[in-house]
Protein chains: 2
Amino acid sequence: MITRLSTLFLRTLREDPADAEVPSHRLLVRAGYVRRAAPGIYTWLPLGLKVLRNVETVVREEMDAIGAQEVHFPALLPREPYEATGRWTEYGDNLFRLKDRKGGDYLLGPTHEEMFTLLVKDITSSYKGLPISLYQIQTKYRDEARPRAGILRGREFVMKDSYSFDIDEAGLQASYDRHRAAYVRIFDRLGLKYVIVSAMSGAMGGSASEEFLADSEVGEDTYVRSPGGYAANVEAVQTPAPPARPIDGLPAAHVEDTPDTPTIATLVAVANERYPREPAFTGADTLKNVLVVLRHPDGTREPLAVGLPGDREVDLKRLEAQVAPAEVEPFGDEDFARHPLLVKGYIGPGVLGEAAASGIRYLLDPRVVPGTVWITGADVRGRHVFDLVAGRDFTGDGTLDVAEIVEGDPSPDGSGPLTLARGIEMGHIFQLGRKYADALGCQVLDANGKLVTVTMGSYGIGVSRAVAAIAENSHDDRGLIWPREIAPADVHLVIAGKGPEIAGAAEDLAEALDAVGVRVMLDDRNASPGVKFADAELIGVPTVVVVGRGVSTGVIELRDRATGEKTELALAEAAGQIVTVVRTGHLRPDGA
Amino acid sequence: MITRLSTLFLRTLREDPADAEVPSHRLLVRAGYVRRAAPGIYTWLPLGLKVLRNVETVVREEMDAIGAQEVHFPALLPREPYEATGRWTEYGDNLFRLKDRKGGDYLLGPTHEEMFTLLVKDITSSYKGLPISLYQIQTKYRDEARPRAGILRGREFVMKDSYSFDIDEAGLQASYDRHRAAYVRIFDRLGLKYVIVSAMSGAMGGSASEEFLADSEVGEDTYVRSPGGYAANVEAVQTPAPPARPIDGLPAAHVEDTPDTPTIATLVAVANERYPREPAFTGADTLKNVLVVLRHPDGTREPLAVGLPGDREVDLKRLEAQVAPAEVEPFGDEDFARHPLLVKGYIGPGVLGEAAASGIRYLLDPRVVPGTVWITGADVRGRHVFDLVAGRDFTGDGTLDVAEIVEGDPSPDGSGPLTLARGIEMGHIFQLGRKYADALGCQVLDANGKLVTVTMGSYGIGVSRAVAAIAENSHDDRGLIWPREIAPADVHLVIAGKGPEIAGAAEDLAEALDAVGVRVMLDDRNASPGVKFADAELIGVPTVVVVGRGVSTGVIELRDRATGEKTELALAEAAGQIVTVVRTGHLRPDGA
């Protein structure tokens, strides 16, 4: 069916929407693909829905190709299964909760591990029914604290989630590998530039876990790469711990007056003045003790101290990933008031630790190994302690690897310095193991007739987010540039001139293309060529065909939206040539 | 792709689920199409999802064919638009309401009039953009007091809702007619036996309104038909009012002791004993005054008295439709206590009416016209009043047509007696007019440059409900019988015997059919032919092919699921013949 712009429910905007911070958001709204209905909640207009469905089709085809079977769960879910796994509470404020007319507790599903586990428990009784992979393409809900960037991070969104069920670890690994391969094919077909990185599994539990990140400066995830091929979400990077050093012979710790040292830099300057050495002291020789409060899902607040080299900040996202499902809150003035031993700006290991005077749990950066020597607070205003030796003068309650990663840090694989980049999380695959099956009693009979708990994998793709990510990956100043498989049409045919001859030629061409399955958008509006060209560039169909005055001499124009290349075509041969472009990407089948 | 039962995520049940009251629910659960997740909330298993998608495709094709454009709204909606139209309150307990993390009010959309109206207001500024029809196929939510019959009346369900926007009444009528014609094609393609009836518009407002009801004894709607072709939902039937009669010369009313007349029948017996006449008194000569309480959406309670002939009951659904959005509650003992003038069992018009002693609004059945003579309560225990004349001795505050309709009642079109039947509401179309556009300010410039308010139509189809309705319409004791376009497959191919020859022949046949686009379900399980045949009948694919021992002599069997007819086919010609059956419904293209 030809999509006619004269009747299409479309209004393009020349101005950027006021609330749009990123290109995909600006362009998807301006080009009439989506409209905001509420914060983080969007309506799909006709063009946007076509693109969304095209993404869904790619995902569905590749999931079907690995033998995954499609089902469809409700979005409105009862509390009980999520209570059984603890997630009713763990999700905190991110979960939309509601009551029905009888007072029963319900939630809007943020992800469906529990429901799939219960369904397999219900349907599958024997190892003969395994392995099985089930998936759905479904609307999900998360009450994000900061919905942003249009459909990039919404509160109602479309996700493909799938789950594999196996009898043993080897089966889980095979299911995981099949999904990983399918994801590679999906993101290739979506035309995304992406990287696969190691990931924390976060609140989901489980062990092996990878993310598919689309390269993008507006992405919320930071990832690292090493020269040797290591790639990981910054949340998952494990800082290499140096070897412990000998303690014997190190000088004794000594407390000194250090007036006017409110910052690490001023403290380092004092150290270099009093104890000149080569190489000189740097922030990395100081030990900074940062206090935060963990708010646990049950509402309790726990203070936590993190000791790390003074040249590093705590990376809040790394910290949040490590302490999930607890949330991180600042250690405020009231908290200091509650702990008078903590001298703000001069906190040292002396008062920290579960067994120490404050009783506050104290976790150390992996670099703080026994034998390392530190300058740190002396728990007295205006005083610091020098030559404080880890393992001799202080120990922590454990290790916490949450210092920021910076460009040039050594890679965990030892292959050289890390580089950093940003990405949009498009997919996440992980080996859940038996966490959910244990909690919900999903067992099958094995070959010996013994009940065994199944082991699971969980695999997600942000389907609506993919639309935004593709738009981020592929646009220019003038508008969107869709990959053909995702585009709302194959050909955007512009009637650029008045009179029945031009309109007739365009209509005939549109009919000829439509008849052979080419998806045609026909700009038959009563508008100037300039308006039509601007809209064509904004909307971003990959092939633009201009039918104008050239018709009188039998010529029309083909434009490639991505490259801007323009080619004149003889009207008589145009239909066939356009079909070739649509099917092969080139004017001639040989690609010349 | 061939669907193999050996790996299909399917478990058929021999026993009916305990909570299933109607055939479609029993069979859809037993055959592995749906599973209950919570009361009125269901999960679609692979077979069920295929059927649901097939219904969606039919609906989508016919909506596209009338030029309606598909969009997709969120299900999670902000309160404000629903507040502006009053529906935030009017929906009462049927609306799922929730708060987000910031305390903002949201709802789960039960229907989207407000959102579509606001979208058109946003996108369309001129009459040149009209008429336009928009639709979505989307998950909707209603917190039904009594979810029942599986997916027939659920709390989360899939609906197609569309809305037309026109500049004037003639345009609205044309849009309505287009939708009506599309609905006829849709329900024809779904293979449903249905009737189109006049309907109340209920809580939706508006005027012209029709329902598409699928014939079914388990339906919740009752409809009437007349010999002359009148058809209406019983809620919408208007009782013909008889002409008023002369009052002059009628005897005066007189109160009498009527001990031992607790029922209409005993009262009638007394009347016939004391005042013998031909024809004798019947219940229709008595006036029964029924009290109820209306609970308005704002929570206020209003007592209401309905006066109707004593041989009729109040039809609660007719009453609810008439007083919506108010809900109907019983007039309880506390209510009687609050109104001491009302003598239970002997309530007469004497104390009723807004201007009367009780102050209770009093509405009369259309048959209670001036000049009609009644026996009714005298507002004193054990006493009734005789020869009470409407229009002379009492009047009501208005008319309320809520008495039950019974088989044989005169038809409003005067063509003879009404017949009654039950149906499932599958579709509802109505002319909303300007109610929503007025409330939300949806205006466009007309041809004279003047702002005018658009007029709307609203059109719904229960998509998930259609799956159940088709199952109700088409099943037998052994299982489901799907119309081909809706069925999860075209051919259910049963391997009914052991050995490589039989399996090989079946696999080859499946491949040959799959290659030409026939949707094949292959029962390649290691199970007995009896189990496989039972499952084939339960699942209900229209064409069953049995490949068994006959293979050794080159013969297989074709079974028609609906008729049970069995035909032997030569294996060598089977593929072609089965394709013919799938495409034409007959073994030979000429239908012989």
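Across the cross-link table entries B:K121/B:K435; A:K50/B:K50; B:K193/B:K566; B:K140/B:K160, which are compared at the Cα atoms, the separations over 19 Å belong to A:K50/B:K50; B:K193/B:K566. Mean residue ellipticity at 222 nm, helices only, chain B: -8000 deg cm²/dmol; runs of at least 4 DSSP H residues each add -39,500 (n - 2.57), and the sum is divided by the number of residues.
Partner lysines whose Cα lies under 28 Å from the Cα of A:K288, excluding those fewer than 8 positions away in the same chain, are identified as A:K317, A:K344. State log₁₀ I(q)/I(0) for chain B at q = 0.11 Å⁻¹ as given by the Debye formula over alpha-carbon point scatterers of equal weight, solvent excluded. Results for chain B at q = 0.11 Å⁻¹ read -1.09.
First compute the accessible area of chain A with a 1.4 Å probe, then give the percent of it belonging to carbon and sulfur atoms. Reported share for carbon and sulfur atoms: 51 percent. Pairs of Cα atoms nearer than 8 Å and 6+ residues apart set the relative contact order; for chain B it is 18 percent. The B:T563 and B:A174 beta-carbon pair, evaluated with R₀ = 41 Å, returns a calculated FRET efficiency of approximately 0.45. With label points defined 7 Å past Cα in the direction of Cβ, position B:V406 shows copy-to-copy spacings of 9.2 nm, given to one decimal and shortest first.
Per the accessible-area calculation with a 1.4 Å probe, the total area buried between chain A and chain B rounds to 4600 Å².
Counting heavy atoms of the protein chains alone, B:L192 has an accessible area of about 10 Å² for a 1.4 Å probe.
Of the residues B:A515, B:V29, A:A403, the one whose Cα sits farthest toward the positive end of the charge dipole of the protein assembly as shown, with +1 on the Cβ of Lys and Arg and -1 on the Cβ of Asp and Glu, is B:A515. In the context of the full protein assembly, A:E90 retains an accessible surface of approximately 60 Å², using a probe radius of 1.4 Å and ignoring ligands and nucleic acids.
Compared with the direct C-alpha span, the chain from A:R392 to A:T266 gains 42.7 nm at full extension, assuming 0.36 nm per residue. Entry comment: accessible area of the protein assembly as shown is 40 Å² per residue, from protein heavy atoms only and a probe of 1.4 Å. Here the Karplus curve 6.51 cos²θ - 1.76 cosθ + 1.60, taken at θ = phi - 60°, turns the phi angles of the stretch B:245-255 into couplings of 10, x, 8, 3, x, 6, x, 6, 5, 8, 8 Hz, with x standing for Gly and Pro. Estimated from the Cβ-Cβ distance and a Förster radius of 45 angstrom, the FRET efficiency linking A:Y275 and A:L341 is about 0.95.
Residues in the stretch B:377-396, backbone N under 16 Å from the label point at B:E354 (7 Å along the Cα-to-beta-carbon vector): list them, ranges by number please. Those under the cut-off are B:395-396. Here the label points at A:E329 and B:T584, each 7 Å from Cα along the C-beta direction, are separated by 7.6 nm in the simple model.
For the stretch B:67-161, the fraction of C-alpha pairs farther apart than 24 angstrom is 29 percent. Taking label points 7 Å from Cα along the Cα-to-Cβ direction, B:D476 and B:R101 give a separation of 5.8 nm. Sorted from shortest to longest, the distances between the A:A337 label points of this copy and the other copies are 5.2 nm, with each point 7 Å from Cα along the line through the beta carbon. Compared with its chain on its own, the stretch A:1-19 contains the following residues whose accessible area drops by 20 Å² or more in the full protein assembly (probe 1.4 Å; ligands, DNA and RNA excluded): A:M1, A:T7, A:F9, A:R11. The alpha-carbon positions of the stretch B:254-399 define a convex hull whose volume is 108 Å³ per residue.
For the stretch B:384-516, place one equal point scatterer on every Cα, skip the solvent, and apply the Debye formula. What is log10 of I(q)/I(0) at q = 0.13, 0.21 Å⁻¹? Log10 I(q)/I(0), no solvent term: -0.99, -1.26. Rounded is the label for the stretch A:489-584, because a/c, from the alpha-carbon gyration tensor with a ≥ b ≥ c as root eigenvalues, stays below 1.5. With a 10 Å cut-off around each Cβ of B:66-73, the average count of Cβ atoms from other chains is 6. Note every residue of the stretch B:106-149 with a reduction of at least 30 square angstrom in accessible area, all protein chains present versus the isolated chain, computed with a 1.4 Å probe, or write none. Those residues are B:Y106, B:L108, B:L119, B:D122, B:I123, B:Y141, B:D143, B:A145. Considering only A:T553, A:H492, A:A505, and ranking their Cα positions along the charge dipole of the stretch A:468-592 that arises from unit charges at the beta-carbon of Lys, Arg, Asp and Glu, the one farthest toward the positive end is A:T553.
Going by accessible surface with a 1.4 Å probe and the largest first, B:T222, B:T43 read B:T222, B:T43.
Straight-distance candidates among the aspartates and glutamates for linking to A:K99, with alpha-carbon spacing under 18 Å and chain neighbours fewer than 8 residues away dropped: A:E80, A:E83, A:D143, B:D93, B:D100, B:D105, B:D143, B:E144, B:E156. Rg then Dmax, both in Å and based on the Cα atoms of the stretch A:128-167: 14.8, 46. Each label was represented as a point 7 Å from its Cα along the Cα-to-Cβ direction; for B:D93 and B:K450 these points are 4.8 nm apart.
Of the residues A:Q443, A:H428, A:G371, the one whose Cα sits farthest towards the positive end of the charge dipole of the stretch A:365-507 is A:Q443 (charges of +1 on Lys and Arg Cβ, -1 on Asp and Glu Cβ, taken about the Cα centre). Rounded to the nearest whole angstrom, the semi-axes of the ellipsoid equivalent to the protein assembly as shown, taken from the Cα gyration tensor as √(5λ), stand at 62, 42, 34, largest first.
The values are calculated or read from the model by the stated rules, or taken from the named source; none is laboratory data. Keep in mind it's a predicted model, so treat the numbers as computed, not measured. Note that each Cβ is placed from the backbone with ideal geometry, even for glycine, and that neighbours are counted across all protein chains shown. Heads up: the accessible areas ignore ligands, DNA and RNA and are worked out on the full protein's heavy atoms, side chains in. Shrake-Rupley method; radii C 1.70, N 1.55, O 1.52, S 1.80 Å.
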